[in-house]
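Scroll down for the structure; my scribbles are underneath it.
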Amino acid sequence: MCVNDAPQSIQGETTVDYFVTGGTGFIGRFLVGKLLERGDVTVHVLVRPGSGQRFEQLCARHPSAAGRLRPVTGDLAQPRLGLTDADVERLRGRVGHFFHVGAIYDMEASPVSQQAANVDGTRHAVQCAEALQAGGFHHVSSIAVAGMYDGTFSEDMFEEAGELPHPYFQTKHDSEAVVRRECKVPWRVYRPASVVGHSQTGEIDKIDGPYYAFKVLQRIRRLLPQWFPLIGLESGKFNIVPVDYVVAAMDYLAHADGLDGECFHLVNPEHYSSGEMLNIFADAAHAPRFALRLDSKVFSFMPSGLSAMLAKLPPVKRLMSSIMSGIGLPSGAGALFNWNTRFESRMTRKALKGSGIEVPQLETYAARLWDYWERNLDPDLFVDKSLEGNVRGKIVIITGGGSGIGLAAAQRLAGAGATIVIAGRTLEKLQEAKRSIEAAGGTCHIYQADLADLAAADRFIDQVLADHGHVDILINNAGRSIRRAVEHSYDRFHDYERTIQINYFAPLRLSLRVLPGMSARRSGHIINVSSMGVLGPPPRFSAYIASKSALEGFTRCAEVEYVNCNVHFTNINMPLVRTPMISPTKVYEYAPTLSPDEATDLVVNAVINKSSRVATDVGRFMQVWNLLAPKTYASSMNGIFRMFEDTLQAPAGKGAPGQLPEPTSEQVAIASLMKGVHY
C-alpha cells in the first residue's frame, strides 16, 4: 500500500477529511485528484476486497499525495458499506464531505446488478455517512432520473419524471429518491449529462454514450472518401459534458456555502440532435458528414400505440437487438434516440458564476476524444491480429492441400501452430506436402479422398471427426476450372456437371457436416476460395463462375443464420494464381498473376479478420463497375473476349487442336493491365 492506515490527528477546523465511493472509477479518480489539490487533506477511498490493485493505480496517478490517500475496505452491496466497527469508530466525526460516486454506469448491465449497485448501494452509502457523522453527503446522480420527460426538466423537478424505459433510468431515479427521502445528513445532488473524456487529454476508460457511434464512423471512413455525402436520421436530444468540467463543478459546488438540499444539473447548455452530434465526431474523425438528415417524425404515420405494441413483440425485440449489436450499440441504447428532454441548469450556472468553470463546446475537444478512443479503446486494438493467435492448437482442414494455394496455406498455418488436415486425390502429393510441413516443425495429417464423390467426402469428414474430435476451420480450396466459351459448350453439358460437383457440391457437403459441431461449440470458421470472376463475370468461365457463385450464395445465407452462434463465413474472391490449374492457357504465362504465397496472404487475411469477403483492389473495382454500369462492363469484356482464343479451340489455320499460337503484343499488353482477371 502507498500509505499506512494510522489515524491522523485533526488540525483544527481547517482540516477536512473526504470519503469517496467509486474513487477508483472513471469520474471518481478525477474527483479524488481534484480534492487532493485542496492542500493538506486526506481522502479515504472505499475499496472492495480483492480490488487493491485499482487503488494502487490511483496512488500511482498522484505520487505527490503519499500519506493522504487511504483505502477503506468495504462494498456497496453491504449495509453501511461493510465498514468494520473499528473503521467507523476511527473515522467518525472526521469526514467533512462524503462523496457517493460509486454506481453502475452501464446500459448493458443486468437489472439485478443495477438495482444492487445503484439503489441498494446508495442506501448503504447513506447509512455509512450517518454512522460516520459526515458533514455533508454528495450524491452523483444522472440526468437519466428525468426519464422520457417531454419538455424542459429543471433542477427542482424530480417526481415529474417521465417514463423510465430502462433499468438504468429506473435505478438512477430510485437511488436519488433514497437520498431525498432517507438521508439525515445534509445532502446535495449532482446530475451529470453523458460524461465523456477529458477535454484536454481525451482520457476515458470505457466505451459508452456517444462512443458507441465511433466504430460506425470509423467503418464509414474506411469505405468512403470524406467528401461523400451521407443520409441519416435526425432523432433524440443528446447532452454531452467532459469529465473535467463535471469534477471541477462538483468540487466547487460541494464547498460553496448555503447549497444544502439543492440539485445541480451538470449539463451542456447546448443539446445536440443525433445528426448534429454525429457530424461533429465525423469531422473529428475525418469521415464523411451526414449531409441529409431526415427527421424521424417522417415515420410517425404509424399510430403510437401500434408502434409501442410492435416494439414489445419478441421477434421485433430480437431483430432490433441484432441490428443494434451489428453496429456496436447495446440493445438498451435505442431508448436514447427517442430522448427529447431538455435540461435547464439555471441554479448551477448561478452558483458557478465567477468561478471560471464553464462547459467547453463539444467542437473544441471532439478531436481529442476521437484520438484517445482510436489509440486506446478501439475494440480492434484488443483483437489478436496475429496468425498464431488465431490458429495455434486449432484443427484446420484444407482441401486440395497437396499443391498450389492449398499447400502454401497449409505450410503457413502449420508454421503458426495449427494442426493441419489436408485432403486430395493424389497420395504422392499429399505425402510430399506432409513431409515439407513436418520438416518445418508443423503438424500435418493427410487423407486421400476424391471429394467430388460425395460418399467419399462423408467418409473423409467422419474419419477426421473420429481422429480429432472436431473441426475449427474448414478451408474449401479444392476446385476445378474450365476455360471454354459458351458457344463451344453446346454439346458439353458434362463440363458444367463435373465443375459444379467439385466446386459447389463438395464444399457444400463438407460444410453441412462440420456446421453442427461448430454451432454446438459456438465457434468455427468456414472459408471458401472463390473467384474474382464472381465479382466481375469474365468470358469463357461460365461453368467455373456459376459453380463458385452457387457456393457464395449458400455461404451468405448460412452466415445470416449462424452469426449468433459465433460461426464465421468468408468468401475469398481469388484472382488468377500461378498454379497448375491455369497452365493450359498460353497467354497466362505472360500475364501478371499472384504467386501461391501471395494468394496465401488472402487466406491469412480471412483467418485473422473473419470478414465476410476478402478481395483485391482490382476485384472490388470490377464489382463496382459491374454493379453501376453492367452493360458497359459487358461490352468492355466482350472486346477482350474477342481478342483472345479458347484454350481448347485453335482458330482455323493457326495450329493443331489443343494448341494455341504465341500471344500477340496486344494480348500481352491487355493481360498486363488486368492482373488477376480471368479472360
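Structure summary
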item: Sorted by Cβ density within 10 Å, fewest first, the residues 529, 41; result: 41, 529
item: Calculated FRET efficiency for the pair residue 355/residue 608, C-beta based, R₀ 56 Å, to 0.05; result: 0.60
item: Sequence of 489, 175, 274 once ranked by neighbouring C-beta atoms within 10 Å, starting from the fewest; result: 489, 274, 175
item: Environment charge at residue 562 (Cβ cut-off 15 Å; Lys +1, Arg +1, Asp -1, Glu -1); result: +2
item: Extended-chain gain in nm, criterion 0.36 nm per residue less alpha-carbon gap, residue 632 and residue 276; result: 124.2 nm
item: 19 Å Cα-Cα threshold exceeded, pairs from 385/610; 215/610; 385/434; result: 385/434
item: Reachable aspartates and glutamates from residue 394, criterion Cα separation under 14 angstrom, eight or more residues apart if same chain; result: 467, 472
item: FRET efficiency for residue 601 and residue 364, using Cβ-Cβ distance with R0 set to 41 Å, rounded to 0.05; result: 0.45
item: Loop GluC sites (Glu not before Pro), the range 335-438 (other Cβ atoms within 10 Å of the site Cβ: 14 or fewer; DSSP); result: 358
item: Centroid-to-centroid separation of the range 39-80 and the range 440-474 [C-alpha atoms, Å]; result: 57 Å
item: Distant-in-sequence amide H partners of residue 443 (H built 1.01 Å from N, under 5 Å); result: 420
item: Contour minus Cα-Cα distance for residue 454 and residue 557 (0.36 nm per residue); result: 34.9 nm
item: Nitroxide proxy distance, nm - points 7 Å out along Cα→Cβ at residue 259 and residue 60; result: 3.4 nm
item: Ranked list, fewest to most other Cβ atoms within 10 Å of each Cβ, for 557, 444; result: 557, 444
item: Of all DSSP beta bridges in the range 17-382, antiparallel share, percent nearest 5; result: 5 percent
item: Spacing of the two label points (7 Å from each Cα toward its C-beta) at residue 106 and residue 342, in nm; result: 3.5 nm
item: Whole-Hz ³J(HN,Hα) from phi, Karplus 6.51 cos²θ - 1.76 cosθ + 1.60, for the range 358-366, glycine and proline x; result: 9, 7, x, 5, 4, 4, 7, 10, 4
item: Residue 219 paired with residue 200, simple spin-label distance in nm, labels 7 Å along Cα-to-beta-carbon; result: 3.7 nm
item: FRET efficiency, residue 439 to residue 465 (Cβ-Cβ, R0 25 Å, nearest 0.05); result: 0.35
item: The range 17-382 - charge dipole about Cα centre, Lys and Arg +1 at Cβ, Asp and Glu -1, debye rounded to 20; result: 440 debye
item: Length gained when the stretch residue 512-residue 497 is fully extended (0.36 nm per residue, less Cα-Cα span); result: 3.4 nm
item: Net charge of Cβ neighbours under 12 Å - reference residue 107; Lys, Arg +1; Asp, Glu -1; result: -1
item: The range 224-280 versus the range 148-189: alpha-carbon centroid distance in Å; result: 19 Å
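Each reported figure results from applying straightforward, stated rules to the coordinates on display, with no laboratory input. Keep in mind that what you see is a predicted model, and the values were worked out from it rather than measured. Note that each Cβ is placed from the backbone with ideal geometry, even for glycine, and that neighbours are counted across all protein chains shown.
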